[in-house]
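**Student:** Take this structure first; my questions come after.
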Amino acid sequence: MKLVADEFTADIRIDTFLASYTDDSGSGGLSRSKIQAEIKRGAVLVNGKHVKPSYILKEGDIVQFEPSEEDKILPENIPLNIVWEDENLLVVNKPSGMLTHPTTAEKSGTLVNALLYKYGENLSDINGEYRRGILHRLDRNTSGLLMVAKNNESHEYLVNAMKEGKTIKKYLALVKGIIEEEQFTINKPIMRNPSQPQKMCVSAGGKESVSIVKVLERFKDATLIEVQLITGRTHQIRVHLSSLGHPVYNDTLYGFGKMKIKTEEQALESYKLSFPHPFDGEMMTFEIPLDEKLEKVLKFLRS
């Protein structure tokens, strides 16, 4: 497994960083004592060198964790909802409840396990074995469209396209409360929560994070919105909306509350995706209808 320390994970001990490398629901990964034992046996390298468990990460550090045989990522025959593909990339509709890629805590049932079964070695490997083909990700309980690269050339092109703002990602979200404005921009910096590493938070010390919100429908105590991501920070939509007092329905991590309404998953879907094709520059656009979880909640609210 290869990880790169970013601005959110810099200044954290290597053992703490790996121990908090969890799935999107916030459940725990390997224990800190297990990570320390792995570091001491030489299974963890930073920039190609052995380090102590107390090593403090710097932004850009490359962390390599060589898993034991039982930690290898195995192909699994899991159905894939492929929206489109050619010889270089594909667009897949990820269901709610599925991790995008394996973590130290979960190595089965993820999108990557399914991709490995169908495509084998025909996936980009720039981000290491745990993230074969993965260009960007969706939280476990967020459904919708994802780009997947079949080779490293396509991977590099699309990563640069995202950095240059050439891709468009739009989401549908149902949030708690009434949003009065028809359209507005949220520009609030986001960083990792220092006291809860599995969460992100709005903070002046964070990185610029911009979301454009458009109201689609209002209910008694809820609002259906479209959100376009201008930046792509971890949990950005959920953190931004929670900071306004409008958490995403069923998102208990960011303030909705303990009660689930009509579905277990948060009411958030990546429904529209546009990007330039890696080899001819043609703009590709894909859109999917409301998924089952959003339909259930909307039907409940409209009744």
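The values are calculated or read from the model by the stated rules, or taken from the named source; none is laboratory data. Remember, predicted model here, so these are calculated numbers, not experimental data. For neighbour counting, all protein chains shown are included, and Cβ atoms are generated from backbone atoms with ideal geometry for every residue, glycine included. Areas reflect the complete protein model, heavy atoms only, side chains present, ligands, DNA and RNA absent. Shrake-Rupley method; radii C 1.70, N 1.55, O 1.52, S 1.80 Å.
**Student:** Tell me, which residue of segment 159-179 that is free of Cβ contacts under 8 Å to residues at least 12 places away in the same chain and not basic (Lys, Arg) is farthest from Glu208 (Cα to Cα)?
**Tutor:** Looking at residues that are free of Cβ contacts under 8 Å to residues at least 12 places away in the same chain and not basic (Lys, Arg), I get Asn160.
**Student:** Right, here's the next one. With respect to Asn81, is the statement that it is in contact (Cβ under 8 Å) with a residue 60 or more places away in the chain, within 25 Å of Leu294 (Cα to Cα) and open to solvent by 20 Å² or more (accessible area, probe 1.4 Å) true?
**Tutor:** No: the conditions fail for Asn81.
**Student:** Now, a different point. Does Glu295 meet the test of being modelled with pLDDT under 90 and part of a loop (DSSP other than H, G, I, E, B)?
**Tutor:** The answer is no for Glu295.
**Student:** While we're here: Without any contact (Cβ under 8 Å) to a residue 40 or more places away in the chain and more than 20 Å from Thr9 (Cα to Cα): is that true of Pro95 in this structure?
**Tutor:** Against the criterion (without any contact (Cβ under 8 Å) to a residue 40 or more places away in the chain and more than 20 Å from Thr9 (Cα to Cα)), Pro95 does not qualify.
**Student:** Give me the residue from segment 1-30 that is out of contact with any Leu (no Cβ under 8 Å at 6 or more places or on another chain) and open to solvent by 60 Å² or more (accessible area, probe 1.4 Å) and, out of that set, modelled with the lowest pLDDT.
**Tutor:** Glu7
**Student:** Now, a different point. Could you count how many residues in segment 151-163 are within 19 Å of the chain's Cα centre (by Cα) and either open to solvent by 20 Å² or more (accessible area, probe 1.4 Å) or under 14 Å from Asn88 (Cα atoms) (or both)?
**Tutor:** 7
**Student:** Could you say whether any residue in segment 94-112 is among the charged types (D, E, K, R), buried (at least 19 other Cβ atoms within 10 Å of the Cβ) and assigned to a loop (DSSP other than H, G, I, E, B)?
**Tutor:** Scanning segment 94-112 turns up at least one residue that is among the charged types (D, E, K, R), buried (at least 19 other Cβ atoms within 10 Å of the Cβ) and assigned to a loop (DSSP other than H, G, I, E, B).
**Student:** Still on this structure: Check every one of the strands (runs of 3 or more DSSP E) wholly within segment 139-224 and list those with 3 or more residues that are at pLDDT 95 or above and on the phi < 0 side of the Ramachandran plot.
**Tutor:** The qualifying strands (runs of 3 or more DSSP E) are 143-149, 168-176, 183-187, 210-218.
**Student:** Quick check on this structure: which one of Arg233, Arg218, Arg238 is open to solvent by 40 Å² or more (accessible area, probe 1.4 Å), over 30 Å from Glu153 (Cα atoms) and out of contact with any Cys (no Cβ under 9 Å at 6 or more places or on another chain)?
**Tutor:** When all the criteria are applied, what remains is Arg218.
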